[in-house]
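Participant: Encoded as structure tokens, here's the structure I'll be asking about.
Please treat every number below as a calculation from the coordinates, not as lab data. On a predicted model such as this, the values are computed, not experimentally measured, just so you know. Using ideal geometry, Cβ is built from the backbone for each residue, glycine included, and neighbour counts are taken over all protein chains shown.
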Amino acid sequence: MSSELLDALTVLERDKGISRDVLIDAIEAALVSAYRRNFNQAQNVRIDLNLANGSMRVFARKEVVEEVFDPRLEISLEEAQRINPNYTVEDVVELEVTPKDFGRIAAQTAKQVVTQRVREAERGIIYSEFIDREEDIMTGIVQRLDAKFIYVSLGKIEAILPANEQMPNERYKPHDRIKVFITKVEKTTKGPQIFVSRTHPGLLKRLFEIEVPEIYDGTVEIKSVAREAGDRSKISVHSDNAEVDPVGSCVGPKGNRVQAVVNELKGEKIDIVKWSEDPVVFVANALSPSKVLDVIVNEEEKATTVIVPDYQLSLAIGKRGQNARLAAKLTGWKIDIKSETDAREAGIFPREADDRLLGDFEEEFTDEEQD
């Protein structure tokens, strides 16, 4: 083995971040493989490397036995004691078996195996780095597109953005910078495989964590997210600090915080509502911007009947039922919306006024409101 190869170990450790011990193990494995393959040997061997001068020796390891059945793996007690009288049965004797022309063959084979092991080690480092970033957000650069996937560079590796994780209102071009949510990191025979999304609710949550310091430091908590990517989303927020307005914190001065999120999501409308452990209040808030007259709760079926003014019915339900659907996802409650007239005819309204519904209604923010 040449000293140049040893110098290369230092360079690889410095530039690739791969432990020198990992590389030494790879070289030893390569030399053992080369010896067995090129010299038709199957015995148990050990490679002794001299890192100072780059030399190496091959030792066959044989077990001391009373009767030899496989001379490649065993040595008789009598023969072993001729080497050293202290040997006993079950000891291991090491005999140097370095072939004269082993260096050239070994160097060639070692180079191939070391290259493979270096690649595997690099893959392991990348996997370890990205497995800790599952459910996290990263900025990537679109590299190329095909019929099924968009390939996004995350620096050391390309991630896959499947068609069903792409926002329907977006068109991607090479060199576009986009923020993506890492949904899954898999270890495959070809290296780590990273899957990302632009439609996952987690992307919306992470974007608010970036834009809103109160969420990042824990003063404000995002309790739930409901999203129909590219069109509309709802988030519920809460703060244990009575002096902090969780909705106002997310909207930001002149709406600049939420506008940054809207811009990143290419105009996706976002409703921000105050979370409550009281389902009456929470469901009413979740149906924002619609005004709610009453919420009747069925605890056993986890269902609610919501009564709204006649003129607010279409607003409460939303286009193609979107507002009601998102509110149900956000709260985890089934929501049946009735107009005031229908509720009166059914005899379920009016009831005694519920003070919980007399407060201010929560804020909604969309890109349209800033225009």
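Participant: Order of 72-85, 284-297, 307-320 by packing, highest average Cβ count within 10 Å first?
Facilitator: Details: 72-85: 14.4, 284-297: 22.7, 307-320: 16.4.
So the order, starting with the most tightly packed, is 284-297, 307-320, 72-85.
Participant: Where does the Debye-calculated log10 I(q)/I(0) of the stretch 137-198 sit at q = 0.24, 0.25, 0.27 Å⁻¹, using only Cα point scatterers of equal weight, no solvent?
Facilitator: -1.01, -1.09, -1.27
Participant: Something else now. Which residues does the label zone of ASP245 cover in the stretch 270-309, counting backbone N under 13 Å from a point 7 Å along Cα→Cβ?
Facilitator: Flagged as within label range: 274.
Participant: Over the stretch 137-198, what is the relative contact order in percent, taking alpha-carbon pairs closer than 8 angstrom and at least six residues apart?
Facilitator: Details: 122 pairs, mean separation 22.3, N = 62.
Relative contact order comes out at 36 percent.
Participant: To the nearest 0.05, how large is the calculated FRET efficiency for ARG72 and VAL11 if R₀ is 51 Å and r is the Cβ-Cβ distance? Please list the in-between numbers first.
Facilitator: On the way: r = 38 Å, r/R0 = 0.74.
So the FRET efficiency works out to roughly 0.85.
Participant: Right, next: In whole Å, what is the distance between the alpha-carbon centres of the stretch 304-335 and the stretch 92-158?
Facilitator: Between the Cα centres of the stretch 304-335 and the stretch 92-158 lies a distance of 52 Å.
Participant: Let me ask something else about it. Give, in nm to one decimal, the length gained when the segment between ASP336 and LEU315 is fully stretched (0.36 nm per residue of separation minus the Cα-Cα distance).
Facilitator: Values: separation 21, 0.36 × 21 = 7.56 nm, distance 1.39 nm.
Result: 6.2 nm gained on full extension.
Participant: Something else about it: Less than 23 Å apart at the alpha-carbon level, and either on another chain or at least 8 residues along: which lysines does that give for LYS173?
Facilitator: LYS148, LYS156, LYS266
Participant: May I ask you to list the chymotrypsin sites (Phe, Trp or Tyr not before Pro) in the stretch 94-175 that are in a DSSP loop and have at most 16 other Cβ atoms within 10 Å of their Cβ?
Facilitator: Working: sites: PHE102, TYR127, PHE130, PHE149, TYR151, TYR172; in loops: TYR172.
Here the chymotrypsin sites (Phe, Trp or Tyr not before Pro) that fit, given the DSSP loop and packing criteria, are TYR172.
Participant: Among (i) 0.94; (ii) 1.28; (iii) 1.07, which one is Rg/Rh (Cα atoms, Kirkwood Rh) computed from these coordinates?
Facilitator: (ii)
Participant: What order do you get for 18-25, 152-159 when each peptide is scored by the mean count of other beta carbon atoms within 10 Å, highest first?
Facilitator: Details: 18-25: 15.4, 152-159: 17.2.
For the peptides 18-25, 152-159, the packing ranking is 152-159, 18-25.
Participant: Which residue, chosen from PHE59, THR98, ILE210, occupies the Cα position most advanced towards the positive end of the dipole of the chain, where the dipole is computed from +1 (Lys, Arg) and -1 (Asp, Glu) charges on Cβ about the Cα centre?
Facilitator: Sorting the options by dipole projection puts first THR98.
Participant: Among the lysines, which fall within straight-line cross-link reach of LYS291, defined as a Cα-Cα distance under 27 Å, with same-chain neighbours fewer than 8 residues apart omitted?
Facilitator: Once the sequence-local lysines are set aside, what remains near LYS291 is LYS205, LYS223, LYS234, LYS254, LYS269, LYS274, LYS302, LYS319, LYS329, LYS334, LYS338.
Participant: Continuing with the same structure: For the stretch 115-252, calculate the relative contact order in percent as a whole number, restricting contacts to Cα pairs under 8 Å that are 6 or more residues apart.
Facilitator: Working: 234 pairs, mean separation 27.1, N = 138.
About 20 percent, as a whole number.
Participant: Oh, and also: About the Cα centre of the stretch 3-122, what is the dipole size in debye to 20, counting +1 per Lys and Arg Cβ and -1 per Asp and Glu Cβ, all else neutral? Write down the numbers at each step before the final one.
Facilitator: Working: 16 positive and 22 negative charges, 136 e Å.
That gives the stretch 3-122 a dipole magnitude of about 660 debye.
Participant: Let me ask you something else. Counting each DSSP H run of 4 or more residues in the chain as -39500 (n - 2.57), what helix-only mean residue ellipticity at 222 nm follows after dividing by all residues, to the nearest 500 deg cm²/dmol? It would help to have the intermediate numbers written out before the result.
Facilitator: Details: 13 runs with 133 residues, N = 371.
After summing the helix terms and dividing by residue count, I get -10500 deg cm²/dmol.
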